[in-house]
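Asker: First the structure, which I've put down as structure tokens, then a few questions once you've had a look.
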Amino acid sequence: MVKICCIGAGYVGGPTMAVIALKCPSIEVAVVDISKSRIAAWNSDQLPIYEPGLDGVVKQCRGRNLFFSTDVEKHVFEADIVFVSVNTPTKTQGLGAGKAADLTYWESAARMIADVSNKGIKFQILSNPEFLAEELSKLAANAFLAQRISSVNAMSALCEATGANVQQVSYSVGTDSRIGPKFLNASVGFGGSCFQKDILNLVYICECNGLPEVAEYWKQVIKINDYQKSRFVNRVVSSMFNTVSNKKIAILGFAFKKDTGDTRETPAIDVCQGLLGDKANLSIYDPQVTEDQIQRDLSMNKFDWDHPIHLQPTSPTTVKKVSVVWDAYEATKDAHGLCILTEWDEFKTLDYQKIFENMQKPAFVFDGRNIVDADKLREIGFIVYAIGKPLDPWLKDMPAVA
Ligand code: ADP
């Protein structure tokens with residue numbers, strides 16, 4: 001029987017191996033990780049990663065030809081094929097800090113394989129790296145995608161200033177077949193583990209190759225993304241009489257996109273930290289993100305999220321100002337405002353009349369994903385801000401945002 005060992009039970013390793021085990025019943029797949037809690041979760045009913053359908057696949061294969069273990073060396077020793085899918089986060093210190101890929105985890109995995117597999121075997125190595133100058137396509141593809149989002153987000157600010165509707169602009173632009181309609185939704189910002197990291201890498205490679213102008217160009221994609229998040233926070237604060245201090249604000253959605261529990265680089269982190277900086281009390285609900293994850297994300301420094309060894313302790317002030325609840329109605333009860341930060345389908349069909357009745361007045365909705373019908377909510381009585389849409393008369397009268 002062919003044996004596969006995958007080092008790294010994360011977003012890449014876990015789901016990929018589960019599908020290999022499902023499709024190839026004659027192969028035995030062991031997924032190993034140094035994180036005890038992650039492996040324990042893979043072996044429990046509460047998997048550490050949510051993806052539609054993943055639960056079923058894992059349940060079908062686990063214990064049959066799919067195993068999760070912390071005994072890294074044993075499984076590497078026994079394997080015919082070893083996959084390495086450990087994290088390659090952005091460096092937080094030293095040369096290239098804040099830009100270059102940190103290969104510490106990758107190198108230590110490679111050295112361990114060499115140490116353990118000492119029986120004079122010939123290695124064949126297949127590499128699909130995401131950080132080498134010779135393999136630029138992955139970085140370029142992600143940079144182009146992120147640039148599309150930053151372009152439409154930049155347009156959204158102009159639409160708000162001029163009274164245009166960004167969805168109509170996107171639609172018109174997208175009918176040009178050279179541009180195409182996909183990935184043109186304005187939002188509170190892009191997230192996920194790769195976009196920012198890959199652009200920073202691209203920027204670093206440009207700088208190392210003496211191309212500062214090209215580096216600057218790509219940096220702007222991230223700057224606009226950061227601008228979009230702070231613009232959103234400014235809107236919330238300025239709309240609510242320039243203060244959110246000690247006001248309850250409901251946060252609906254924390255994951256970086258719908259149908260995942262993945263919070264890496266989610267815009268929700270920056271938005272929540274911005275609101276906490278203005279002393280708001282946050283009540284957060286996301287159908288797939290645990291309280292632990294949210295508290296950890298909000299107490300971490302930038303770029304620390306992907307360095308498991310450097311996990312920061314949760315600061316007591318964050319804990320006090322943030323509560324995580326398991327229901328959108330609970331989150332919005334007695335709140336002054338609600339912010340939609342992830343486009344979960346369930347947020348489209350909430351009973352907004354009921355939510356309105358249980359909120360403080362005036363009741364504000366800040367739709368960071370353009371998923372609710374703003375006009376309907378205004379009929380109910382909400383003051384509504386929707387990214388890139390003509391402003392509510394209320395918001396027009398508020399001081400201009402920075
Ligand atoms: P990705 O999105 O690339 O899958 P993740 O951070 O989700 O990244 O997963 C990477 C996993 O690799 C983490 O769970 C981490 O604990 C694990 N890991 C890192 N270094 C090692 C190592 N030397 N041996 C085993 N697992 C490792």
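The values are calculated or read from the model by the stated rules, or taken from the named source; none is laboratory data. None of the values given here were measured: they were computed from a predicted structure. Note that we place each Cβ from the backbone using ideal geometry, even for glycine, and neighbour counts take in every protein chain shown. Calculation scope for accessible area: heavy atoms of the full protein, side chains included, ligands and nucleic acids excluded. Shrake-Rupley method; radii C 1.70, N 1.55, O 1.52, S 1.80 Å.
Asker: Pull up all non-local amide H partners of Val365: gap of 5 or more, or a different chain, and H-to-H distance under 5 Å with H placed in the peptide plane.
Answerer: Distant-sequence amide H within range of Val365: Leu338, Ile383, Val384, Tyr385.
Asker: Alpha carbon centre of segment 319-372 versus segment 142-209: separation in Å?
Answerer: About 26 Å separates the Cα centre of segment 319-372 from the one of segment 142-209.
Asker: What shape does segment 152-250 take by its C-alpha gyration tensor, where a ≥ b ≥ c are the square roots of the eigenvalues and a/c under 1.5 counts as rounded, a/b above b/c as prolate, and the rest as oblate?
Answerer: It comes out oblate by the Cα gyration axes.
Asker: Another question, if that's okay. Let me make sure I get this right: for segment 3-118, a, b and c are the square roots of the gyration tensor eigenvalues over alpha carbons, sorted descending. Under 1.5 in a/c it's rounded, otherwise prolate if a/b > b/c, else oblate. Which is it?
Answerer: It comes out oblate by the Cα gyration axes.
Asker: Of all the accessible heavy-atom surface of segment 28-83, with the other protein chains kept in place and a 1.4 Å probe, what percent is carbon and sulfur?
Answerer: 50 percent
Asker: Give the angle, between 0 and 90 degrees and rounded to the nearest 10, that separates the Cα long axis of helix 13-23 from the longest principal axis of the Cα atoms of the chain.
Answerer: 70 degrees
Asker: Here is a further query. Using the basic label-point model (7 angstrom from Cα toward the beta carbon), what is the Arg64 to Ile121 distance in nanometres?
Answerer: 2.6 nm
Asker: Under the rule of at least 5 residues apart or a separate chain, name every residue whose amide H is placed under 5 Å from the amide H of Glu51.
Answerer: Result for Glu51 returns nothing.
Asker: Return the distance in nm (one decimal) between the two label points of a simple spin-label model at Leu103 and Asn43, each offset 7 Å from Cα along Cα→Cβ.
Answerer: Taking the simple label geometry, Leu103 and Asn43 are separated by 3.4 nm.
Asker: Related question: Starting at the first residue of segment 225-241, write each ³J(HN,Hα) from the Karplus equation 6.51 cos²θ - 1.76 cosθ + 1.60 with θ = phi - 60°, in whole Hz, x for Gly and Pro.
Answerer: Each residue's phi maps through the Karplus curve to give 5, 5, 4, 4, 5, 6, 4, 5, 4, 4, 4, 4, 5, 5, 5, 8, 6 Hz.
Asker: Quick check on the chain: helices-only [θ] at 222 nm, where DSSP H runs of length 4 and up contribute -39,500 (n - 2.57) each and the sum goes over total residues. Nearest 500, please.
Answerer: -13000 deg cm²/dmol
Asker: To continue, here is another question. Between Ser177 and Glu330, what length comes free when the chain is fully extended (0.36 nm per residue of separation minus the Cα-Cα distance, one decimal in nm)?
Answerer: In short, 50.6 nm is gained.
Asker: Could I ask something else about it? Ranked highest first by the average count of other Cβ atoms within 10 Å around their residues, in what order do 222-235, 153-166 fall?
Answerer: Output ranking for 222-235, 153-166: 222-235, 153-166.
Asker: Would you mind getting me the FRET efficiency between Glu213 and Leu158? Use the beta-carbon distance for r and R0 = 25 Å, nearest 0.05.
Answerer: FRET efficiency, Glu213 to Leu158: 0.55.
Asker: Next question. Can you compute the modelled spin-label distance between Asn242 and Asp373, with each label point 7 Å from Cα toward Cβ, in nm?
Answerer: Going from the Asn242 label point to the Asp373 one covers 3.7 nm.
Asker: Turning to a different aspect of this structure: I need the peptides 200-207, 44-51 ranked by packing, meaning the mean over residues of other C-beta atoms within 10 angstrom, with the highest value on top.
Answerer: The peptides rank, most packed first, as 200-207, 44-51.
Asker: Given H placed 1.01 Å from N in the peptide plane, which residues other than close sequence neighbours of Val324 have an amide H under 5 Å from its amide H?
Answerer: Answer set, sorted by chain and number: Ile284.
Asker: Mind checking the per residue accessible area of segment 203-310 for me, 1.4 Å probe, whole number of Å²?
Answerer: Per-residue accessible area for segment 203-310 comes out at 39 Å².
Asker: Once the Cα atoms of helix 267-277 and of the chain are each reduced to a long axis, what angle between those two axes, in degrees from 0 to 90 to the nearest 10, is obtained?
Answerer: Helix 267-277 sits at roughly 60 degrees to that axis.
Asker: Packing-wise, with mean Cβ within 10 Å as the measure, how do 185-196, 72-83 rank, highest first?
Answerer: 185-196, 72-83
Asker: I've got another one for you. With N set to the residue count of the chain, report its C-alpha Rg divided by 2.2 N^0.38 Å to two decimal places.
Answerer: Expressed relative to 2.2 N^0.38 Å, the Cα Rg reads 1.07.
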